[in-house]
Structures are given as structure tokens and as C-alpha cells.
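What follows is a short report on a single structure.
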Amino acid sequence: MPNYRLSLAYDGTAYSGWQIQPGTDTIQRRLESALARLAKTHVRIVAAGRTDAGVHALGQVAHFRLDRSIPCEGIVKGLNSQLPPDIRALEVSVAEDGFHARFSARWKTYRYHLDRSAVPLPFRSRFTVHYPYPLDRAALEDAAPLFVGEHDFGGFRAASCSARTTVRRLTASSFADQGGELVYEVTGNGFLRHMVRNMVGTLLEIGRGRRPHSSIEELLVSHDRTAAGPTAPAKGLHLVRVDY
């Protein structure tokens, strides 16, 4: 059974996340339905990251096996003819037999987009969080790098997170201005459920002067979720790249 690697992008607004759940519309459900029509049999697809409801992807990666060989260009065209316009297959290639989209991944990069304009622009509303409040950029830029390194991120995971370990290694954590938006970018070897959104919520409290940046170091030691900031809204979060 050939093993295929799929790169895809999606607007997560209308979906209950990646993973199939009873009675809900998800990215995985849409893709497996499209693949089933293409391959004439049920096909299981596995993603590099199981994005939550409302989270978007520019560079999601998945893998699946077919019981017969189909040209990669044909799979891309066939999928996009079956998928809704807010989910697009970008590229398909034949992968090594041992390739696994999730377990073979070395690094994932996420970006969180904040619209800093006084009046939010309508065409950004699905992909950014309007945040016109005053922010101390120096405080944000001092605080963000404190996440870099190997730490126990138990204080930044959702209560529903069932990960076996909460230790993760981050290699980048920073803010940048991009076309009227303030964008937080973070790269790591893995992320817990709601981890990036909880980190952003905590950083924004630091930027507004509601907590000192030293609280990040304290949270990385205490692992106390109740002491961290609020969970930032899902729609600002984008999975932008998976590296292998």
C-alpha cells in the first residue's frame, strides 16, 4: 500500500477542529470523505497536528495509504474537486514507507495574529483577533524568549489535555509587526492542547502591565494553569509549517 504525504491549508472557522468527532463537521471528516470517493474505499488520514475548533492552517501535513497507486497530481485535483473551498490540498507526494505525519515531525511553527487597528478590517476578521488595547512592546519582547528551551508546560495546557508528558522544547518565541498586525511566532518540537493560546493570553497580560514577565518563569516551575493568563481566541492561531 503506497504511503502518501499531503500538504494542505484550511480556514478552520466552520469546523470543530481536525479530529473526527460524532455529530460534528471536522477537517479530517471532510478529507476522509473526499479520499473515500476518490479511492472507492475508506481511507484513514493522520495529521501532523490536531488543530482545535476555529484554528487555521497554512502548512498542515498529513499522511494516508491507498490500496492502489494513483498519480499524485490526480490526487490533488481529485481532492480539490470534492473538498469545500475552505480546505485545499496543496501538494501530494509518495513518502517513504515509515513516514508518519505526526511522529516523524521534528518541529512545528505556529503564528498568532492580532489586528492592532482602531477599527478592525472586515477581511481580517476570520483570521485575526482584534486587540486595539495599549501594549508595552518592550515588555512583550522581553517576555516571549523566556519560553525558549526545554520546559514543563503543564501550566499552559487545557484541562482536557491528555498528553503523557507536558515537557516540550521551543526553539523560537517572538513578536513581529506584519502589515498592521502584531504576530507572535513560536516553533517547538510539539505543543499541548491550547498551549500556544494560553501562552499568548499570558503574554498579552504582561504587555498590558497586568503581570510581570517573571511570572512566566514562575509558571514554568509551578505548572499551575489557574495562575496563567486566559486562553486567547482560536481564530488568531495558524499552523504555518511542519519540519521533518
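The values are calculated or read from the model by the stated rules, or taken from the named source; none is laboratory data. Remember, predicted model here, so these are calculated numbers, not experimental data. Every residue, glycine among them, receives a Cβ derived from its backbone with ideal geometry; neighbour counts consider all protein chains shown. Surface areas here come from the heavy atoms of the whole protein model, side chains and all, with no ligands, DNA or RNA. Shrake-Rupley method; radii C 1.70, N 1.55, O 1.52, S 1.80 Å.
Structure above, values below:
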quantity: Per residue, in Å², the accessible surface of region 37-99 once ligands and nucleic acids are set aside, probe 1.4 Å; calculated: 51 Å²
quantity: Computed FRET value (nearest 0.05) for THR165 with PHE99, which takes r as the C-beta separation and R₀ as 22 Å; calculated: 0.40
quantity: On Cα atoms only, tilt of 27-39 relative to the major axis of the chain in degrees; calculated: 10 degrees
quantity: Low-density loop positions, GluC sites (Glu not before Pro), region 54-114 - DSSP coil, at most 11 other Cβ in 10 Å; calculated: GLU96
quantity: Cα-projected label distance for GLU150 with ASN189, points at 7 Å along beta-carbon direction, nm; calculated: 0.6 nm
quantity: On Cα atoms only, tilt of 72-82 relative to the major axis of the chain in degrees; calculated: 80 degrees
quantity: Summed residue charge, Cβ within 14 Å of ASN3's Cβ, Lys/Arg positive, Asp/Glu negative; calculated: +2
quantity: Loop trypsin sites (Lys or Arg not before Pro), region 136-180, which have at most 12 other Cβ atoms in a 10 Å radius of their Cβ (DSSP); calculated: ARG164
quantity: Accessible area of the chain belonging to carbon and sulfur atoms, whole % at 1.4 Å probe; calculated: 51 percent
quantity: Rounded tilt (10° steps) of 195-207 against the dominant C-alpha axis of the chain; calculated: 30 degrees
quantity: The chain: relative contact order in percent, alpha carbon pairs under 8 Å with at least 6 residues between; calculated: 24 percent
quantity: Distance in nm between pseudo-label sites at ARG68 and THR13 (7 Å out along the Cβ direction from Cα); calculated: 3.9 nm
quantity: Given (1) 18.4; (2) 19.4; (3) 18.9, the label whose value is Kirkwood radius over Cα pairs in Å derived from this model; calculated: (3)
